[in-house]
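Input: a single structure, listed below in structure tokens.
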Amino acid sequence: MGFSKSSFSEKTHKLDASSFAPLSARRLLVLGGIGLILIGMLFGDIFAVFVLHQNAAHVGASLAAAAHAALAGNHAAVLASFQNVGAFLENRGTKVDTHVHMIDFGYLALLLAILQPWIAFEEKTKRGFAWLFLAGAALLPVGVFLIHYVGLAYSPLQAIGWASIFADLGGLLVILATLGFLLGFVNHFRTYAPAHVKDGLLSDRSAAGRLLLAGGMVLVLAGFLHGAYYAAVDLYRHEALDSSILTEMAMAAAANDAGTVDRSLEAYGQLQGDKAVKIAAHAHSIEFGLLAMMLAFFQPYVRLRESWKLRWGYVLILGSVLLPVCVLMELRYGLVAGGLADFGGFLVILALLAMWVGILRYTGQLDSQAGDVR
């Protein structure tokens, strides 16, 4: 699966290996960014399989218990049921936020890696900003994940726990690092002519790069079109149904009509499921499209044979299509569609891991050649 040595040396010469030197800002951001995306997607896949559906079932059961407790006039049971709903939603929310923040920070790291030749700072300064960014990008999602488990224990503040404090600190580090890179980007265009820097990544025309760029653009376009369709056809209907079902449930509870309450609860659960799968399909299509487009720029750093790079590109695009399509079919086909969606996510993770390993092989060969020269 590797290049021949002569082929690799030629490609490295064309790319200017100094732009990917050991502990350079670009190397840190590429490896760290793809690592963040990998961990975030793996966490999301595990969460979807072992937590998401079970959590939704617990929320539905607690809402049903609250409704029946209201029918029976048991105020304490109603309060306890809604407290359970709050706990389950917090558990779900913190895990979703952990998953989303890690992936989003990974995307931002890759974008900053592309811009490195246009950051008008010394490499030492850029490396410091890269470490600052990665530290914050790791600290924030870990802090968010711990919010549900740590709570307010031993916190110096009345309403904010230690996990939230460290998550906010991580966010601050990311903001400072990004602002630093932005300042360097602005300084470049104030100091140099726009054509002063030429970067081999942007001129790559390999088959894998073209596949990922074209496939990513199609995925993003499909996600936008699906979002526009949802907004035009389903959004206002869902909002109207949301209000009418809750109103019907409240009136049935006041009239002590248990049958209508049960039907309203079932309709409300189906409505929320319909909204969730359509929003998730829209978001994942755009998310995977952006990932494919960004990875297209870094194919010169993936030290695998061109045929294997192209194969892994096809695997990533296949998984990126399979997951949102199967998510859309979950309400109709249940666990079968859910399992196929998870398999699609696994394909994306596998392809991304292969590319990350290829980049590690590239860095290892670069460092080995540098050692031979020394």
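The values are calculated or read from the model by the stated rules, or taken from the named source; none is laboratory data. Computed from a predicted structure; not experimentally measured. In this analysis, Cβ positions are derived from the backbone assuming ideal geometry, glycine residues included, and neighbour counts consider all displayed protein chains.
With respect to the conditions (1) surrounded by fewer than 20 Cβ atoms within 10 Å (Cβ to Cβ); (2) modelled with pLDDT under 85; (3) farther than 30 Å from residue 81 by Cβ, residue 49 lacks only one, and its number is (3).
The numbered conditions (1) under 30 Å from residue 306 (Cα atoms); (2) out of contact with any Lys or Arg (no Cβ under 9 Å at 6 or more places or on another chain); (3) surrounded by fewer than 19 Cβ atoms within 10 Å (Cβ to Cβ) are all true for residue 216 except (3). Please tell me if residue 77 is more than 19 Å from residue 345 (Cα to Cα), in contact (Cβ under 8 Å) with a residue 12 or more places away in the chain and touching a Leu at 6+ places or on another chain (Cβ under 6 Å). For residue 77, the condition - more than 19 Å from residue 345 (Cα to Cα), in contact (Cβ under 8 Å) with a residue 12 or more places away in the chain and touching a Leu at 6+ places or on another chain (Cβ under 6 Å) - is not met. Listed by first and then second residue, the pairs linking a residue in the stretch 270-284 that is farther than 16 Å from residue 231 by Cβ and in the same structural domain as residue 323 (by TED's automatic domain parsing) to a residue that is surrounded by fewer than 17 Cβ atoms within 10 Å (Cβ to Cβ) and of a type outside the set (S, T, N, Q), with Cβ atoms under 6 Å apart and 6 or more places separating them unless they lie on different chains, are 273/331.
Restricting attention to the stretch 121-140, the residues that are surrounded by fewer than 19 Cβ atoms within 10 Å (Cβ to Cβ) and outside any helix (DSSP H, G or I) total 1.
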